[in-house]
Amino acid sequence: MRCLLTTIAILLSLSGAAVAHSEKQGTTPVDGAQLTETPEMIHMVFADPMRITMVRLVNAEGSEMPMARETGLEPTLEFHAEPEPLAQGNYTVEWRGLASDGHAMQGSFSFELAD
């Protein structure tokens, strides 16, 4: 019985740790957006504070596009960066960060720029 209770306590503590990770709640532009002009802002919103340690805007060939990061390295619920004017094509925003519980997180979202 004691072993069963210990196992349950461990499982509950592990499930709580998994829930503690910050989740990306939304992006601008939204993933898969089709735009007619360069977005004014690359914006990500998180459920819990996230320290964004790396963010890149890459084109379909994998070349990194210039972007002015407006959010520093402090933990934040919202990340902002301003891209320079972009040519038509497909773009992906790749990011990595540290959640408030210290776990490494990463993700990406994409958009297309067309006429």
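How about the stretch 33-83: which of its residues are within 12 Å of Phe111 (Cβ to Cβ), assigned to a strand (DSSP E or B) and among the polar types (S, T, N, Q)?
Listed by number, the residues that qualify are Gln34, Asn59.
Determine which member of the set Glu70, Glu64, Glu37 is exposed (fewer than 14 other Cβ atoms within 10 Å of the Cβ) and at pLDDT below 95.
None of the others qualify; the one that does is Glu70.
Determine which member of the set Leu73, Leu86 is farther than 17 Å from Gln25 by Cα, of a type in the set (A, V, I, L, M) and touching a Lys or Arg at 6+ places or on another chain (Cβ under 7 Å).
Testing whether each residue is farther than 17 Å from Gln25 by Cα, of a type in the set (A, V, I, L, M) and touching a Lys or Arg at 6+ places or on another chain (Cβ under 7 Å) leaves just Leu73.
I want to confirm something. Restricting to the stretch 84-108 and keeping residues that are of a type in the set (S, T, N, Q) and outside any strand (DSSP E or B), which single residue is modelled with the lowest pLDDT?
Step by step, filter the stretch 84-108, then rank; the result is Ser100.
Of Ala9, Ala17, which residue is modelled with pLDDT under 90, out of contact with any Asp or Glu (no Cβ under 9 Å at 6 or more places or on another chain), loosely packed, with under 14 Cβ neighbours inside 10 Å and part of a helix (DSSP H, G or I)?
Ala9
List the pairs whose first member sits in the stretch 80-102 and is farther than 13 Å from Asn59 by Cα and in contact (Cβ under 8 Å) with a residue 40 or more places away in the chain, whose second member is of a type in the set (Phe, Trp, Tyr) and surrounded by 13 or more Cβ atoms within 10 Å (Cβ to Cβ), and whose Cβ atoms are under 9 Å apart, counting only residues at least 6 apart or on separate chains?
Listed pairs, sorted by first residue: Trp95/Phe79; Trp95/Phe109; Gly97/Phe46; Gly97/Phe79; Ala99/Phe46.
Among the numbered conditions (1) under 11 Å from the mean Cα position of the chain (by Cα); (2) at pLDDT below 95, tell me where Val55 comes up short.
Status for Val55: all satisfied but (2).
How many of the residues in the stretch 73-115 are surrounded by 13 or more Cβ atoms within 10 Å (Cβ to Cβ), charged (D, E, K, R) and farther than 20 Å from Arg51 by Cα?
1
Quick one: is Thr92 at negative phi, of a type in the set (Ser, Thr, Tyr) and touching a Ser or Thr at 6+ places or on another chain (Cβ under 9 Å)?
When the stated conditions are applied, Thr92 passes them.
The values are calculated or read from the model by the stated rules, or taken from the named source; none is laboratory data. These figures come from a predicted structure and were not determined experimentally. Please note: Cβ atoms are built from the backbone with ideal geometry, for glycine as well, and neighbour counts cover all protein chains shown.
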